[in-house]
1. Please go through segment 23-54 and pick out each residue that is of a type in the set (A, V, I, L, M) and buried (at least 16 other Cβ atoms within 10 Å of the Cβ).
2. Hey, can you tell me all the residues within segment 118-168 that are more than 22 Å from Phe98 (Cβ to Cβ), crowded, with 19+ Cβ neighbours inside 10 Å and at pLDDT 95 or above?
3. How many of the residues making up segment 174-202 are assigned to a strand (DSSP E or B) and either acidic (Asp, Glu) or touching a Lys or Arg at 6+ places or on another chain (Cβ under 6 Å) (or both)?
4. List the pairs whose first member sits in segment 27-41 and is in a strand (DSSP E or B), whose second member is of a type in the set (Asp, Glu), and whose Cβ atoms are under 6 Å apart, counting only residues at least 6 apart or on separate chains?
5. Could you please find all residues in segment 77-92 being free of Cβ contacts under 8 Å to residues at least 60 places away in the same chain and surrounded by 14 or more Cβ atoms within 10 Å (Cβ to Cβ)?
6. Residue under question is Leu171, and the condition is that it be part of a strand (DSSP E or B), among the aliphatic types (A, V, I, L, M), buried (at least 18 other Cβ atoms within 10 Å of the Cβ) and within 14 Å of the chain's Cα centre (by Cα); does it hold?
7. Would you mention how many residues in segment 141-163 are part of a strand (DSSP E or B) and of a type in the set (D, E, K, R)?
8. Looking only at segment 29-80, which residues are farther than 21 Å from Phe180 by Cα and β-branched (Val, Ile, Thr)?
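The values are calculated or read from the model by the stated rules, or taken from the named source; none is laboratory data. These numbers come from a predicted model, not from an experiment. Note: ideal-geometry Cβ built from the backbone for every residue, glycine included; neighbour counts use all protein chains shown.
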Amino acid sequence: MIRKTTFIAVSVLILSIAGLAQESRTEVSVSGTGFFTSSANGNNIQYSTTSTGGVLATYRRHVKRWLAIEGAYGFDVNSQKYALSSEAFRIQSGIHQFTGSLVLNLPSRGHSRLNPYLVAGGGALLFDPTGSTDNSFSGASAQARGTFVYGLGLNYSIRKGIALRAEYRGLVYSTPDFGFSTLTTNTVTQSSEPSLGVSFRF
């Protein structure tokens, strides 16, 4: 009786572990991105930026077939430009992106290679001046801005556990001023971040 009970318990444990392994709940990705920011006007200041490219890394934990939790880190370098009535200023900065989101996996056909999804969440952007000689201000301070993130994407499976990923993310946040009141616009802008990369699920 004890041997039979032990056998059953071990069998259930092995099947449970095998089932978890087959679920492949963890997913990581690395992508190259574009980073394009909309212009904004406020306090008689015209705010704009240079367009640039960067990288984005994500970690997802699939809690349901249709739902996942995602943490993301991105990095870009561009120049923030401020045009006042009398003069113009420029501050080059690295932009560190830290976000957490819910990912809604959209329905797809049973054996389809395509997996579309939606992303919504929030986080912060850290604008960190580079100290470039092109910067108009010395002593510009690093500054964090809260951000709302939304997006949509598509995974295309190329083999078991590996997929190509195409994604669009939008980041909505207040324009940075690096601690200088003369650069404060009191406006909100949006950065568009298209990306292409690869994801690994295990």
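1. Within segment 23-54, Ala40, Ile45 meet the criteria.
2. Hits for segment 118-168 are Asn155, Ala163.
3. Residues in segment 174-202 being assigned to a strand (DSSP E or B) and either acidic (Asp, Glu) or touching a Lys or Arg at 6+ places or on another chain (Cβ under 6 Å) (or both): 4 in total.
4. Final answer for the pair search is Thr33/Glu193; Phe35/Asp76; Phe35/Glu193.
5. Val77, Asn78, Ser79, Lys81, Ala83, Arg90, Gln92
6. Yes.
7. Of the residues in that region, 2 qualify.
8. Of everything in segment 29-80, those that are farther than 21 Å from Phe180 by Cα and β-branched (Val, Ile, Thr) turn out to be Val30, Thr33, Thr52, Val55, Thr58, Val63, Ile69.
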